[in-house]
Each structure stands twice: as C-alpha cells, then as structure tokens.
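Student: Structure incoming, see below.
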Amino acid sequence: MALLRKVNQILVVLLLLMVCLLLHSSLLGASPRPKPADDWKSLGGAGGAGVSAARAPDVDNVVPIVICASEERIGAAMASINSVSSNTQSNVFFYIVTLRDAVKLTRKYIMKSKLKGIKYKILEFNPMVLKGKVKPDSARPDLLHPLNFVRFYLPLLDIHHKRVIYLDDDVIVQGDIKDLFDMKLKPGHAAAFSTDCDLPSTHEMVRSIGMQTTYMGFLDYRKQEVRDLGINPRECSFNPGVFVADISEWKKQKITKQLEKWMEENFRQNIYSSAMAGGVATPPMLIVFHDKYTTLDPLWHVRHLGWSPDARYAESFLQEALLLHWNGPFKPWSYPAVHLDLWEKWFVPDPSRRFSLVRPKSES
C-alpha cells in the first residue's frame, strides 16, 4: 500500500508538470512574436540609442530634410542647416546622418550654437552595409566616404515619411525649402533631380571648366554591361546632390536593391570609377533613374560652384538662385574657392573649435 501511494504521488506530480508545460506553451503561442530587426537597425540606426534631440515629428505636418554630417566637414552641414531654417517659416525637421565617432560632436555643435532651436534627430550610419559594394580608389578618396551612399538607403532610415528632401552638405538654401518640398512629382517617379543641361546661365561656366554633363562623363562605354543599357552616351546626366524623394514609390520600385546591384557590378567589373566626373555615388543613380525622374526647377539647384577656383557666376544670377551647390573639389570652407561670401554668411562657428575655415593669412 505504501508503494502504491508513492507511485500515485509521483504520477500526480508528473501530471501537474505536464499541465504547467501546456499552459506555458499556450501563453507563448498567444504572445506576439518579436519583430525582426528592421533594415535601418541593421545599418546601425540610433533612433533609440539616446541621440535624438526631439520626438518623432508629425509626419503630415513637417518638411523632412536628410543631410549627412561627416566629422571632417561638420561645419559644412551646419551651414546648410542654418540656411534652410533661416529662410522658412515651415516646420522643418532635420535627419542628420553621421558615423558613430561623430555623434557626440554633432550633438555638441548644435546644442552649443545658434542652431540649438532646430528640430532634429541624429542617425548613425554603419559603413559595413557597403562591404563588397565599394572598393578603394585613389583618384578622389573623398568621394568614397561612406556617407556619400546614405542617399541610396533613404527608405531604411528611421524617418517614416512619404516624401523627403535630400541635401548634400555643400549646399546653401536661399529660398523657402517648403516650395521645393511641395513640388509635384510625375506619376511613377520616385525622385526629382536637376538635369545637367537645364540652365543656359550655367552653360558658359560648364564649357570653361570642362564639366561633364552627359552619361559619357560618368560611365565607361567600353564595357559591354554599359552598352547593354541602351543609354545614349550624349544624353544629359543629372546631379543627385539635391533631390526630392517619394519614399513609397522608392520602396515599390525597390530602388535601393537596384542601386546595390550596380554597386556590386562595378565592384566586380569596374564600369565606372571616381576618376570619372561624378565619382562612384552618381553612376548608379544615373542608371537606375534613367528616364524615370521629374525635373527640378533649375533655380532650385544652381551648381558647379566648386569646380574652379576662378570661374564665377554673375552676382545678379546668384541672387535669384534658390539653392547654391559647391559640387567639385573647391569647397567654400576651404581656399581657394569662389563666392565665399554667399556661403560664409550662413557659417556657424564650431563651439569645440575642431572645424575652422581655411582662409588666406591676409583675411585671418
């Protein structure tokens, strides 16, 4: 009898354990499964890592600007931001993308300067996403900076907007950025760019400095892969340093995947290089968006200001321009460069004094 009682006790304990296991399993089945890490976190997104200086904005009542701030050019990005915020009454929100080492520097630059009132969020970009897609090239190493490729990954940023404006850090905005944001994109177009043949006022400068304005200046037409695209080498190129992006259409067309495909193709076949006019970030955009983009108002992207230390535009023309772009090697925070006064009026001194202007001794 004692043995039977002991066996019964053991059976009761086993039964209770089985009931507990069944209850635990059912609870797990009813709980929502954790979501897989989103694409931006795989890029090193820092939206939840204490680098946000503002809550996520109302997506329907904001002009979202994406701009990159590299450590060595951080003063350039701050000048761009200052020019945008100073020339609009609209609710602008800046998404400032940088690398891990520059997060604290970027925050300090804003919080300890006149920019402390802007609405912004700092996002960290992980350059590992570019592994196997970009190889070293000594012609212009600045064009290989990881932040040059952030524009490829707009839908993966932690921003959640239907439309955004992307700006290079070497631009100054003289108009109301809301007007650019409100432009109409043609149906089926994921972005709006400036064609390199748009403004007659720029043609003389383009000729004088030998600036490339056609696909031949960016792609190597000796390669079969390029010829197979069927793009006329004399067709006008466009500049991806300033653009309006429709994020929904971008996702729908899988633009990022297409851009990555051409980056990987170049990694294997070297179908373009930074020795060519636009470096390695422009050619994939030219290929993927060929005949599939809306054209910006030319005054919203007056460029080539950085292609020569001597060639200048007429002052009257520059006053009409809504956005100025110092694309090219001669930047306005360095020297020599042209139209320094138009850039320097928006410059915000670095409170940490790590970024400073390069000027002739006579001007210092």
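Student: Tell me, please, whether a residue that is touching a Leu at 6+ places or on another chain (Cβ under 9 Å), open to solvent by less than 20 Å² (accessible area, probe 1.4 Å) and modelled with pLDDT of 90 or more can be found in the stretch 221-236.
Tutor: Yes, because at least one residue in the stretch 221-236 is touching a Leu at 6+ places or on another chain (Cβ under 9 Å), open to solvent by less than 20 Å² (accessible area, probe 1.4 Å) and modelled with pLDDT of 90 or more.
This table checks each residue for (1) of a type outside the set (A, V, I, L, M); (2) crowded, with 19+ Cβ neighbours inside 10 Å; (3) touching a Lys or Arg at 6+ places or on another chain (Cβ under 9 Å).
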{"position": "A76", "(1), (2), (3)": "no, yes, yes"}
{"position": "S83", "(1), (2), (3)": "yes, yes, yes"}
{"position": "V92", "(1), (2), (3)": "no, yes, yes"}
{"position": "L99", "(1), (2), (3)": "no, yes, no"}
{"position": "V103", "(1), (2), (3)": "no, yes, no"}
{"position": "L123", "(1), (2), (3)": "no, yes, no"}
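Student: While we're on this one: Can you spot a residue in the stretch 328-336 that is touching a strand residue (DSSP E or B) at 6+ places or on another chain (Cβ under 8 Å) and open to solvent by 10 Å² or more (accessible area, probe 1.4 Å)?
Tutor: No, the stretch 328-336 contains no residue that is touching a strand residue (DSSP E or B) at 6+ places or on another chain (Cβ under 8 Å) and open to solvent by 10 Å² or more (accessible area, probe 1.4 Å).
Student: Another one. Could you list all residues from the stretch 176-197 that are in contact (Cβ under 8 Å) with a residue 40 or more places away in the chain, more than 17 Å from H304 (Cβ to Cβ) and open to solvent by 10 Å² or more (accessible area, probe 1.4 Å)?
Tutor: Answer for the stretch 176-197, where residues must be in contact (Cβ under 8 Å) with a residue 40 or more places away in the chain, more than 17 Å from H304 (Cβ to Cβ) and open to solvent by 10 Å² or more (accessible area, probe 1.4 Å): D176, K178, D179, F181, M183, K184, L185, K186, G188, H189.
Student: Output the number of the condition that I110 fails; it satisfies all remaining conditions of (1) open to solvent by 10 Å² or more (accessible area, probe 1.4 Å); (2) over 30 Å from L286 (Cβ atoms); (3) of a type in the set (V, I, T).
Tutor: (1)
Student: Looking only at residues in the stretch 153-174 that are part of a helix (DSSP H, G or I) and open to solvent by less than 10 Å² (accessible area, probe 1.4 Å), which one is nearest to T88 (Cα to Cα)?
Tutor: Here the answer is L154.
Student: Between a residue in the stretch 271-300 that is at pLDDT 90 or above and any residue that is open to solvent by 20 Å² or more (accessible area, probe 1.4 Å) and hydroxyl-bearing (S, T, Y), which pairs come within a Cβ distance under 7 Å, given they are 6 or more apart or on different chains?
Tutor: Partner pairs satisfying both residue conditions: T295/T195.
Student: Which condition does K112 not pass, out of (1) under 21 Å from G241 (Cα atoms); (2) in contact with a Pro (Cβ under 7 Å, 6 or more places away or on another chain); (3) in contact (Cβ under 8 Å) with a residue 60 or more places away in the chain, if it passes all the others?
Tutor: With (1) under 21 Å from G241 (Cα atoms); (2) in contact with a Pro (Cβ under 7 Å, 6 or more places away or on another chain); (3) in contact (Cβ under 8 Å) with a residue 60 or more places away in the chain applied to K112, the lone miss is (1).
Student: Just for the stretch 135-152: of the residues that are aliphatic (A, V, I, L, M) and surrounded by fewer than 20 Cβ atoms within 10 Å (Cβ to Cβ), which one is nearest to F267 (Cα to Cα)?
Tutor: The selected residue is L144.
Student: Same structure again: Quick check on my filter: what residues within the stretch 288-298 are buried (at least 23 other Cβ atoms within 10 Å of the Cβ) and either under 14 Å from T213 (Cβ atoms) or touching a helix residue (DSSP H, G or I) at 6+ places or on another chain (Cβ under 7 Å) (or both)?
Tutor: Result: no residue meets the conditions.
The values are calculated or read from the model by the stated rules, or taken from the named source; none is laboratory data. The structure displayed is predicted, hence computed values, not measured ones. Cβ atoms come from the backbone with ideal geometry, glycine included; neighbour counts cover every protein chain shown. For accessibility, only protein heavy atoms count, side chains too; no ligands or nucleic acids. Shrake-Rupley method; radii C 1.70, N 1.55, O 1.52, S 1.80 Å.
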